[in-house]
Amino acid sequence: MSDDLAYQTGILEGVSRTFALTIPQLPESLRDVVGNAYLLCRIADTIEDEPTLTVPQKQAFGELFVEVVAGGQGAERFARELLPLLSSAMLDSEHDLVANTARVVRITHGFRTVQRNTLVRCVRVMSRGMAEFQRNATVDGLNDLSHLDRYCYHVAGVVGEMLTELFCDYSAEIRERRGELLPLSISFGQGLQMTNILKDIWDDNRRGACWLPQDVFRSVGFDLRTLSTGRTGPEFVAGLLHLIAIARLHLANALRFTLLIPASETGIRRFCLWALGMAVLTLRRVHARPAFTDSRQVTISRRSVRATVMVTNSLARSDIALRMLFHAYTRGLPSPRPGTDAGLS
């Protein structure tokens, strides 16, 4: 197990510098299980993102992976069948991660029952949800905002639920606030996912997918089917601004979630604040440059990441200071239309 945990720590650095940075901020008893959860989700993402796999192949591998994680058996077969099908579009570290699926799953099955069940549920909901959306993915976009909400839940909201359950299992004080935290965690995940969707519009389009809602753009006179031609214009920007406003609401809920974590749990707060801060900065860049044509044009710099870390670390215990900071950095973003509540009352 110690060798497997050493592998987990090392591969995290390869597949996500961000999570390799944030996970060590968590209390020691949460680091291994959250790190393992991230790697499980990353394997599921690799299946979804591999461009050479057909939709039936993705669905079959997704189901097989759910069985592997739930039962703890068959990981070698899963890796043996999937690995040769991964293309150069996937990172070398993702190839490595799939090849070592058995090591990751062995760690999963070394956790306590409540932790293991929480991870299994997340992988099941995520894998089956992504398979459903892959079957219907086109460059024409999703039908409407409710469809976008469902997509965000399956790829990110369920991760928020999983983290909340792990935090509640870790702390009795946090568990007392579970009823408030769970819906906010889904919104937290949606805020992060919507920010990524907006940042990756053109990258996704080149891969033959679009996760923008048709009804929002239709209401301002823009047809998402023309997006693949590269044509945008003021109508497209109007739709984009509305989605930025909704994402801002979800990120406000992310702050509410974070402030419900006791101030004494600075590690958990930092874990949340770093993700929230980087999402806000990315949203600001998309807003400042709505005519961008590549995600690299709106990706925040390493300097910005370092600044986010420094500022949130210094303010992690102060609810008042964090509210003021959030207000200052989101003040220039568009406000949502009347009646928009980001799914929460």
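Somewhere in region 208-221, is a residue at positive phi and either surrounded by 23 or more Cβ atoms within 10 Å (Cβ to Cβ) or without any contact (Cβ under 8 Å) to a residue 24 or more places away in the chain (or both)? Yes, the conditions are met somewhere in region 208-221. Filtering ARG270, ARG285, ARG303, ARG323 for residues that are assigned by TED's automatic domain parsing to the domain that holds PHE257, surrounded by fewer than 14 Cβ atoms within 10 Å (Cβ to Cβ) and among the charged types (D, E, K, R) leaves a single hit, ARG303. Among the residues in region 163-178, are any touching an Asp or Glu at 6+ places or on another chain (Cβ under 7 Å), crowded, with 21+ Cβ neighbours inside 10 Å, on the phi < 0 side of the Ramachandran plot and in a helix (DSSP H, G or I)? Looking for residues that are touching an Asp or Glu at 6+ places or on another chain (Cβ under 7 Å), crowded, with 21+ Cβ neighbours inside 10 Å, on the phi < 0 side of the Ramachandran plot and in a helix (DSSP H, G or I), one finds none in region 163-178, hence no. Residues in region 326-345 that are surrounded by 11 or more Cβ atoms within 10 Å (Cβ to Cβ) and aliphatic (A, V, I, L, M) were compared, and the one that is modelled with the lowest pLDDT is LEU344.
Being over 23 Å from TYR7 (Cβ atoms), of a type in the set (S, T, N, Q) and not assigned by TED's automatic domain parsing to the domain that holds LEU224 is a property that SER87 has. Note on region 31-137: enclosed helices (runs of 4 or more DSSP H) holding 2 or more residues that are in contact with a Leu (Cβ under 7 Å, 6 or more places away or on another chain) are 55-71, 92-99, 101-108, 113-135. Of all the criteria given as (1) buried (at least 18 other Cβ atoms within 10 Å of the Cβ); (2) of a type in the set (S, T, N, Q); (3) in contact (Cβ under 8 Å) with a residue 60 or more places away in the chain, the one not satisfied by THR46 is (3).
The values are calculated or read from the model by the stated rules, or taken from the named source; none is laboratory data. Computed from a predicted structure; not experimentally measured. Please note: Cβ atoms are built from the backbone with ideal geometry, for glycine as well, and neighbour counts cover all protein chains shown.
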